[in-house]
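J.: Pasting in a structure now, in structure tokens, and then I'll have a few things to ask.
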Amino acid sequence: MRYPKTKGLQEIWDRAKAYLEKGLPFVLYRKPDEKEIFGVFQSNNALHHSKDFTEKGFLFAPFDSENNVILIQPDEVWEGTVKAENLRATTAISPDESGKEAHIDLVKSGIKEIEKGRLQKVVLSRKIEVPISKSPIKIFKTLLNTYPTAFGYLFHHPKVGTWCGATPETLMKVKDKKLLTMSLAATLPYIENEKPNWGSKEIEEQQMVSEYIGDKLAHTMERLEIDDAESVKAGNLWHLRSEVRGNMLPNLKVSEVIRALHPTPAVCGIPTDEAAKFIQANENYKRTFYTGFLGELNLKGQGELSLFVNLRCMQLENDKASIFVGGGITEASDPENEWVETQNKSKTMLSIL
């Protein structure tokens, strides 16, 4: 393992800018509530994949788990300290209403499928394209300043594309065979000095996700604990979250845990296989890396992972950004409210631009 080289922040920004210009793979990232920023730099433009999650590097995986998981090789790992800059996003954002009818129709189709008894929940999303004038590094800096409690990243591979995001959701952390994950669901807008008032739809949706994760992990753990749900703030939104902890069985491979957890019910639905089929047949775009996962693989030591779900993210291409927003649909969903929820979620990334 090449230990991180300590660098000044400006050196890290300059190196990332040079890699973007040369078309070389790299990722910059900062973990939730931390001040350290890491850069993983690959010295050539080869496209590597993780075969069994035993390699070292940074993972970038698509939603469709059948597809290949990208691996940035850690030819150099840099570490610096992020200072808060005055680059906070503006808050007064009014997303436009284009795509409303199509999204409401999609939600109605999802509710019909649930009523037929094929699904309990399905997560349906849409893509918004907006013009941009800021550079990827400036967008990333704004993102870090605006969402300090999220996992913030900027990923670039010339054969994959440029993505950045600030996700509130941990897929899994593993160290010494101890697993930490979370059950995250339900959304309400954040209103200053007001506690979220959760309805039965949101409480049931979160409970459903917790139970499903418990069932999926039961055969992989010696012991499993799921905490009660608590309200957590992510940017301008509230979510319900339960911490999940377990001790992995001695001979269990990490790949089996990843397969059990991805895609999570929070980004796909319940049961996940049926929900994924419905999503692929009915969403009118390909998610690619939105709702996939990303993070450190064995960088700190063999068998040590820190992976996050790729939510609140965008793909950057020349002078446009594609932003992705979705929500969990259950039998109790109201199509108009689901549209409003995606509009609220879109403000997280739109405000950055």
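The values are calculated or read from the model by the stated rules, or taken from the named source; none is laboratory data. Bear in mind the structure is a predicted one, so any value in this text is a computation, not a measurement. Here the Cβ is made from the backbone with ideal geometry for all residues, glycine too, and neighbour counts use every protein chain on show. The area values use the complete protein model at the heavy-atom level, side chains included, leaving out ligands, DNA and RNA. Shrake-Rupley method; radii C 1.70, N 1.55, O 1.52, S 1.80 Å.
J.: Quick one: pull the percent of accessible area on the chain belonging to carbon and sulfur, 1.4 Å probe, ligands and nucleic acids left out. Before the final figure, lay out each step's value.
T.: Numbers: 7370 of 15840 Å².
Looking at the chain in its full context, I get 46 percent from C and S.
J.: Amide H neighbours of residue 221 under 5 Å, at least 5 residues apart or on other chains, H built in the peptide plane: list them.
T.: Amide H neighbours of residue 221: 249.
J.: If you don't mind, there's one more thing I want to ask. Heads up, I need the accessible area for residue 94: 1.4 angstrom probe, whole protein in place, Å², nearest 10.
T.: 110 Å²
J.: Can you tell which of 23, 117, 161 shows the greatest fluctuation in a Gaussian network model of the chain with Cα springs below 10 Å?
T.: Highest fluctuation of the listed residues: 117.
J.: Now for a separate question. Once the Cα atoms of the chain are picked out, what are the Rg and Dmax in Å?
T.: Taking only Cα atoms of the chain, I get Rg and Dmax of 19.4, 58 Å.
J.: Near residue 280, within a Cβ-to-Cβ distance under 10 Å, what is the net charge of the other residues, with Lys and Arg +1 and Asp and Glu -1?
T.: Numbers: positive: 277, 286, 287; negative: 64, 283.
Summing Lys and Arg as +1 and Asp and Glu as -1 gives +1.
J.: Then there's this: Identify all aspartates and glutamates with a Cα-Cα distance to residue 141 below 16 Å; exclude those on the same chain that are fewer than 8 residues away in sequence.
T.: 11, 14, 33, 34, 36, 79, 85
J.: I need the phi-derived Karplus couplings for segment 177-190: 6.51 cos²θ - 1.76 cosθ + 1.60, θ = phi - 60°, integer Hz, Gly and Pro marked x.
T.: Result, ordered by residue: 6, 9, 9, 10, 9, 8, 10, 10, 7, 6, 9, 9, x, 7 Hz.
J.: Shape call for segment 33-163 from the C-alpha gyration tensor, a ≥ b ≥ c root eigenvalues: rounded (a/c under 1.5), prolate (a/b greater than b/c) or oblate?
T.: On the way: a/c = 2.25, a/b = 1.32, b/c = 1.70.
Here segment 33-163 falls in the oblate category.
J.: Let me check something: with ligands and nucleic acids excluded, how do 139, 203, 128 order by accessible area (1.4 Å probe), largest to smallest?
T.: Details: 139 0, 203 90, 128 30 Å².
So the residues, ranked largest to smallest area, are 203, 128, 139.
J.: Relative contact order for the chain: what percent, with Cα pairs under 8 Å and sequence separation of 6 or more? All intermediate terms of the calculation are to be shown ahead of the outcome.
T.: Working: 766 pairs, mean separation 89.8, N = 353.
Averaging sequence separation for qualifying contacts and normalising by length gives 25 percent for the chain.
J.: Assuming a strict under-26 Å limit between Cα atoms, what lysine pair count do you get for segment 251-353 once near-sequence pairs (fewer than 8 apart, same chain) are dropped? Write out the running numbers ahead of the final one.
T.: On the way: 253/300; 277/286; 277/345; 286/320; 286/345; 286/347; 320/345; 320/347.
Lysine pairs, 8 or more places apart or on different chains, close enough: 8.
J.: Could you please report the charge total around residue 218, scoring K, R as +1 and D, E as -1 over all other residues with beta-carbon less than 15 angstrom from its beta-carbon?
T.: Details: positive: 216, 223, 245, 259; negative: 211, 215, 222, 225, 256.
That sum, taken over residues with Cβ under 15 Å, equals -1.
J.: Per residue, what accessible area does segment 1-85 have, given a 1.4 Å probe and all protein chains present, in Å²? Spell out each step's value before the answer.
T.: Values: 4240 Å² over 85 residues.
Per residue, segment 1-85 has 50 Å² of solvent-accessible surface.
J.: Could you report the accessible area of residue 29 in Å², rounded to 10, computed with a 1.4 Å probe on the protein chains as they sit in the structure?
T.: Rounded to the nearest 10, the figure is 0 Å².
J.: Find out how many positive minus negative residues lie around residue 244, taking Lys and Arg as positive, Asp and Glu as negative, among other residues whose Cβ is under 9 Å from that of residue 244. All intermediate terms of the calculation are to be shown ahead of the outcome.
T.: On the way: positive: 245; negative: 225, 227, 243.
Once positives and negatives cancel, what remains is -2.
J.: Going from most exposed to least, what order do 202, 11, 101 have by accessible area with a 1.4 Å probe? Please list the in-between numbers first.
T.: Values: 202 35, 11 90, 101 145 Å².
Greatest to least solvent exposure: 101, 11, 202.
J.: Let me ask something additional. So how exposed is residue 179, as accessible area in Å² (1.4 Å probe, rounded to 10)?
T.: 10 Å²
J.: Still on this structure, please answer the following. Which chymotrypsin sites (Phe, Trp or Tyr not before Pro) does segment 223-322 hold that lie in a coil by DSSP with at most 13 other beta carbons within 10 Å?
T.: Numbers: sites: 238, 278, 285, 289, 290, 293, 308; in loops: 285, 289, 290.
Answer by residue number: 285.
J.: With a probe of 1.4 Å, find how much accessible area segment 171-314 has per residue, and write the answer as a whole number in Å². Spell out each step's value before the answer.
T.: Details: 6420 Å² over 144 residues.
Computed with neighbouring chains in place, this is 45 Å² per residue.
J.: Just going by the charge dipole of the chain, with Lys and Arg at +1 and Asp and Glu at -1 on Cβ, which of 50, 110, 252 is farthest out on the positive end?
T.: Value: 50.
J.: Spelling out what I want: for every residue of segment 134-140, take phi, set θ = phi - 60°, compute 6.51 cos²θ - 1.76 cosθ + 1.60 (Karplus), and round to whole Hz; glycine and proline get x.
T.: Per-residue couplings from phi come out as 7, 6, x, 5, 5, 4, 5 Hz.
J.: With θ set to phi - 60°, apply the Karplus curve 6.51 cos²θ - 1.76 cosθ + 1.60 along segment 249-262 and write out the HN-Hα couplings as whole Hz, x wherever there is a Gly or Pro.
T.: Result, ordered by residue: 4, x, 9, 6, 8, 4, 4, 5, 5, 4, 4, 5, 9, 9 Hz.
J.: Sort out for me the Cα centre separation of segment 140-207 from segment 265-288, rounded to whole Å.
T.: Spelled out, the Cα-based centre of one part sits 19 Å from the other.
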